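Single-structure report; data block below.
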Amino acid sequence: MIGGVVGYTYQAENLCPSCTLKAMRANGITVQKGKSHEDAIRRAAQKLDVDFDDESSYDSGDFPKAVTEQMCETELNEVPNGEQGVRHAISDERCTGDKCGKWLVLGEKSPTEAGLTRWVRDEYELPQALARAVAGKLREWGLSHSEFISEDNVRQAAAEFPHDYATVHAVGNPQRVELLLTPETDDDTCFHCGQPWEGHAFICNTCQTEVPAVSLHRHPIVAKGQRKLPLAAARSDRSSR
């Protein structure tokens, strides 16, 4: 028996065990029920005079060939490269069977977008709106399951969206952890994205444009009975990136 089998290559597709058995039956191959997928496929091979242990003796278009955990890999081309030449990949791949999408190594499907949003929100203590945006970006990058997601991935995704700047400090006696909305020291970084204050941008309430934290942004204010007033600093809702 081949160890570590997580799926099979059959007729130009990489399939999970369930989809493999289904495809074999659809092609007229008798597969015994009530057995493990490996035993059932091996018995089917014996009946068809296929040397299952010698994969070079037959074609995967005619009969399934085993896929082991070590053979699974999915390259992630959408993840931004922090360093030149860095290659992003995960050691798993999806079943390509009809409407399946199960991960071969994990043996399960990715959660829904709502499910991934809840996980990101709870695991990394993100505001709901930011967690939703981050979950969507992670799925866009191919990181649709929590098993593949690192803290760096979450912080990198969070940095792409406007959000409140927040930094964590221990204050008081006895000490307690507080989330502060402005930096206390020069090396403070945002709890949500890991970026410094200077790397954020605020959303102007007046014109709804993103304004870098270190930039001066003003709008003229006209009050009743006055034609024009000096420029006043525009208010910000402190949404930042």
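The values are calculated or read from the model by the stated rules, or taken from the named source; none is laboratory data. Bear in mind the structure is a predicted one, so any value in this text is a computation, not a measurement. Here the Cβ positions follow ideal geometry from the backbone for every residue, glycine too, while neighbour counts run over all protein chains shown. Accessible surface is based on the protein model in full, side chains and every heavy atom, while ligands, DNA and RNA are left aside. Shrake-Rupley method; radii C 1.70, N 1.55, O 1.52, S 1.80 Å.
Among Cys193, Cys204, Cys16, which one shows the highest mean-square fluctuation when the chain is modelled as a Gaussian network with alpha-carbon springs under 10 Å?
Top of the fluctuation ranking is Cys204.
Considering only protein heavy atoms and a 1.4 Å probe, what is the carbon-and-sulfur percentage of the accessible area of the chain?
Summing carbon and sulfur atoms, their accessible area is 45 percent of the total for the chain.
If each residue of separation counts as 0.36 nm, what is the full-extension length gain between Ser57 and Ser146 once their alpha-carbon separation is subtracted?
In short, 28.1 nm is gained.
Does anyone have the angle between helix 17-26 and the longest principal axis of the chain? Alpha-carbon axes, 0 to 90°, nearest 10?
With both axes taken from Cα atoms, the answer is about 50 degrees.
Got a sec? What order do Glu198, Glu38, Glu108 fall in by accessible area at 1.4 Å, biggest, i.e. largest, first?
If we order Glu198, Glu38, Glu108 from most to least accessible, we get Glu198, Glu108, Glu38.
Determine the alpha carbon to alpha carbon distance for each of Lys35/Lys65; Lys33/Lys65; Lys35/Lys109; Lys47/Lys99; Lys47/Lys102 and list only those over 25 Å.
The pairs that break the limit, which is 25 Å between Cα atoms, are Lys47/Lys99; Lys47/Lys102.
Among Lys35, Lys102, Lys137, whose mean-square fluctuation peaks in a Gaussian network model of the chain (Cα, cutoff 10 Å)?
Comparing Lys35, Lys102, Lys137 in the GNM, the peak value goes to Lys35.
Specify the angular offset, from 0 to 90 degrees and rounded to the nearest 10, of the alpha carbon long axis of helix 37-47 from the longest principal axis of the alpha carbons in the chain.
30
Any idea of the accessible area per residue across the range 1-92, 1.4 Å probe, to the nearest Å²?
Here the per-residue accessible area is 60 Å².
Under Stokes-Einstein, with the Kirkwood radius over Cα pairs standing in for Rh, what whole-number D in µm²/s applies to the range 119-208 at 37 °C and 0.692 mPa s?
My calculation gives 232 µm²/s for D.
Which sequence of Thr167, Thr185, Thr112 reflects their accessible areas, 1.4 Å probe, from the largest down?
Thr112, Thr185, Thr167
For the chain, what is the Kirkwood estimate of the hydrodynamic radius, computed as the reciprocal of the mean inverse distance between distinct Cα atoms, to one decimal in Å?
In the chain this quantity evaluates to 22.3 Å.
Can you tell me the Rg and Dmax of the range 1-112, counting just the alpha carbons, in angstroms?
My reading of the Cα-based Rg and Dmax gives 15.8, 53 Å.
In the Gaussian network model of the chain, springs joining C-alpha atoms below 10 Å, which of Gln208, Gln156, Gln195 carries the largest mean-square fluctuation?
The residue with the greatest mean-square fluctuation here is Gln208.
Just to confirm my numbers, what's the Cα centroid distance between the range 56-96 and the range 28-51 in Å?
Cα centroid of the range 56-96 versus Cα centroid of the range 28-51: 26 Å apart.
Taking the Cβ of Gly28 as the centre, find all other residues whose Cβ is under 15 Å away and add up their charges (Lys, Arg: +1; Asp, Glu: -1).
Summing Lys/Arg as +1 and Asp/Glu as -1 gives +2.
If one takes the longest principal axis of the Cα atoms in the chain, at what angle in degrees, from 0 to 90 and to the nearest 10, does the Cα axis of helix 128-140 lie?
Approximately 40 degrees, to the nearest 10.
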